[in-house]
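Visitor: One structure follows; several queries about it will come next.
Every number here is computed from the coordinates shown, using simple stated rules; none is lab data. On a predicted model such as this, the values are computed, not experimentally measured, just so you know. Glycine gets a Cβ as well: all are built from the backbone with ideal geometry, and neighbour counts include every protein chain shown.
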Amino acid sequence: MEFLYQYGLFLAEIVTIVVAIIIVVVAVIAAASKGKSETGTLEIINLSEGLTQSSDMLRSEIMNKDDYKAFTKEQKKQKKSGQVLQGNTYVIDFKGSMDAHQVDSLRREITAIVQVATKNDEVLLRLESPGGVVHGYGLAASQLLRITQREIPLTVTVDKVAASGGYMMACIANRIVAAPFSIIGSIGVIAQIPNFNKVLKKNDIDFEQVTAGEYKRTLTMFGENTDQDREKFQSEIDDVHGLFKQHVNRNRPQLDIDKVATGETWFGEQAIGLGLIDELSTSDDYLLARAKEKNVYQIKYVLPKTLSEKLGKAASVSLESSLYNVWQRLSQWRSF
């Protein structure tokens, strides 16, 4: 009984502390977020230097002193010979979510690049996205068009997935490079909505909705859907699919669009045979090859961490520490 009493007091203390922390964090976040707007900064990382430094570090460890000395001497000799890399490769990353909110950073990165890049340069987009909302990914694809319309070469690499809205972006590129088991395609459209009308009727709950315009509302979550509603909704989905197909066909005219625009996905090794991609490789190998020909820079728009994010991380660390202490105490009690 004494054990249970002490255990109960200990748990009560922990719960009280955690709840107090959460209340304080929420209050501070609410106060700090009022009327605040943060401006990000453009971060530029010289990937060429990073690749060179990492390879040199490894060589210095695995090669004997004489061989490494001879290697570095040869490297210096090549530099003195006047060998100059032609142009730059600008690397940007897009890891897309369902709502494609990352497009805000993408547009800022592209705005910076198109002001300085030339036809001798290249933009490399490392893309990862299973797709999402039409308007979000439509805007993301339009941002990439800003690059190709200026005749700046654009390459997209896909290590994991570029499907649906992700492929809507990828097909803009002059060249698509994908890993063998990456997921490519899904040129289709899906929309789904639950309907609670039967539940409302069963519980004698009325639902009223007022619209102006015959098709202001088609399918609804709470009203009773009709065949006319469903037909109109299907028509709208078909229209979006048609626009998607036109978009892909315009950017990759070599495709048999009816064959690939079925909503199916393929692995990279299959996609290359269908013409959905141009080369099988990882983004890492592609970058290594480009670094031999061009200076490689990563361009990243970085938003400063807000107070809410900082406090959220602090609260997370505090909670993790508290739980760890609980686990330790329980482990000690189990050993009695």
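Visitor: R0 = 25 Å: FRET efficiency of V199 with M98, Cβ-based, nearest 0.05?
Guide: 0.40
Visitor: Which whole-Hz couplings ³J(HN,Hα) result when phi for each residue of region 185-197 is put into the Karplus expression 6.51 cos²θ - 1.76 cosθ + 1.60, θ = phi - 60°, listed in order with x for Gly and Pro?
Guide: x, 6, 7, x, 9, 9, 9, 9, 8, x, 10, 9, 4
Visitor: Taking a threshold of 23 Å on the Cα-Cα distance, which of the pairs K160/K300; K119/K292; K95/K119; K232/K259; K77/K294 fall above it?
Guide: K95/K119; K232/K259
Visitor: What is the pair-distance distribution P(r) of region 151-289, computed from all Cα-Cα distances in 10 Å bins starting at 0, with each bin given as a whole percent?
Guide: Histogram of Cα-Cα distances, whole percents per bin: 11, 32, 21, 16, 14, 5, 1.
Visitor: What does the charge count around A178 come to, taking other residues whose C-beta lies under 15 Å from its C-beta (Lys +1, Arg +1, Asp -1, Glu -1)?
Guide: Here the count lands on -3.
Visitor: With only Lys, Arg, Asp and Glu charged, each at its Cβ (+1 for the first two, -1 for the last two), find how big the charge dipole of region 174-278 is about the Cα centre; round to the nearest 20 debye.
Guide: Working: 12 positive and 16 negative charges, 57 e Å.
For region 174-278, the charge dipole is close to 280 debye.
Visitor: About the Cα centre, and with charges only on the beta carbon of Lys, Arg (+1) and Asp, Glu (-1), how big is the dipole of region 192-250? Nearest 20 debye, please.
Guide: With Lys and Arg at +1 and Asp and Glu at -1, about 260 debye.
Visitor: Under 11 Å from the 7 Å Cα→Cβ point of V114, by amide nitrogen: which residues of region 124-167?
Guide: 142-152
Visitor: If we restrict to alpha carbons, what Rg and Dmax does region 192-250 come to, in Å?
Guide: 15.3, 53
Visitor: Using amide H atoms built 1.01 Å from N in the peptide plane, name the residues 5+ places from T157, or on other chains, whose amide H lies under 5 Å from its own.
Guide: Amide H neighbours of T157: L125, R126, L127, V177.
Visitor: Using alpha-carbon pairs under 8 Å, 6+ residues apart, how would you state the relative contact order of region 192-250 in percent?
Guide: Once normalised by length, the contact order is 31 percent.
Visitor: Can you compute 3J(HN,Hα) from phi for each residue in region 275-284, using the Karplus curve 6.51 cos²θ - 1.76 cosθ + 1.60 with θ = phi - 60°, rounded to whole Hz and x for Gly and Pro?
Guide: So the J values, rounded to whole Hz, are x, 6, 10, 10, 7, 9, 5, 8, 5, 5.
Visitor: Separate question: For a quick protection proxy, order the peptides 122-133, 278-289 by their average other-Cβ count within 10 Å, most packed first. Before the final figure, lay out the partial values.
Guide: Numbers: 122-133: 22.1, 278-289: 16.2.
Sorting 122-133, 278-289 by mean packing, highest first, produces 122-133, 278-289.
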